[in-house]
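Bear in mind these aren't lab numbers, they're just calculated from the coordinates by the rules spelled out. Here the structure is a predicted model, which is why all the values come from computation and not from measurement. Cβ: placed from backbone, ideal geometry, glycine included. Neighbour counts: every protein chain shown.
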Ligand SMILES: Cc1cc2nc3c(=O)[nH]c(=O)nc-3n(C[C@H](O)[C@H](O)[C@H](O)COP(=O)(O)O)c2cc1C
């Protein structure tokens, strides 16, 4: 079965509260594990930006849960498509605090095709290169 990926940005509907986000992501990760979905969630206190990937049916059901959550609104899809291999296999879900300038960079970056040039280690240009640069410091033994 082909792998699907979706990236989106949305507006938080509630004032920033670490415990609420921790709790939401803990339950999201548990569900994603069963659905075979992996990815990452960035939050700057006002906006969420999430990348999810996995089998088509898993991504569909997870994205349905995401869309119906009252914790955010104004969801705008940045990209959706088929990918040849997992680009973010490290976590069933984890959230990282992003600063607003990182968030702006991610939103404005080129999401076309979820392309990441493996050989480009510095000077990220595509959205997935930026995502990886923000994620890399949090990877333990996992290869980036
Ligand atoms: C920004 C954001 C990201 C979310 N990401 C996921 C996700 O990756 N997987 C998931 O199943 N639900 C996700 N959700 C939905 C909620 O986590 C989920 O519907 C809620 O925690 C209820 O979970 P429960 O049915 O296990 O109680 C997300 C919601 C928001 C606001």
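For segment 42-144, which helices (runs of 4 or more DSSP H) that fit wholly inside it have 2 or more residues that are within 11 Å of the ligand (Cβ to nearest atom) and closer than 25 Å to residue 27 by Cβ? Walk me through how you get there before you give the answer.
Numbers: elements: 56-67, 100-108, 127-135.
Filter on segment 42-144 gives 56-67.
Which one is farthest from the ligand (Cβ to nearest atom) among residues in segment 20-41 that are closer than 13 Å to residue 97 by Cα and in a helix (DSSP H, G or I)?
First pass over segment 20-41, keeping only residues closer than 13 Å to residue 97 by Cα: 21-22, 25, 40-41.
Next, from what is left, pick out any that are in a helix (DSSP H, G or I): 21-22, 25.
Working: 21: 8, 22: 11, 25: 7 Å.
Within segment 20-41, the match that is farthest from the ligand (Cβ to nearest atom) is 22.
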Could you list, in sequence order, the residues of segment 22-46 that are touching a residue at least 60 places away in the same chain (Cβ under 8 Å) and in contact with a strand residue (DSSP E or B) (Cβ under 6 Å, 6 or more places away or on another chain)? 25, 40, 42
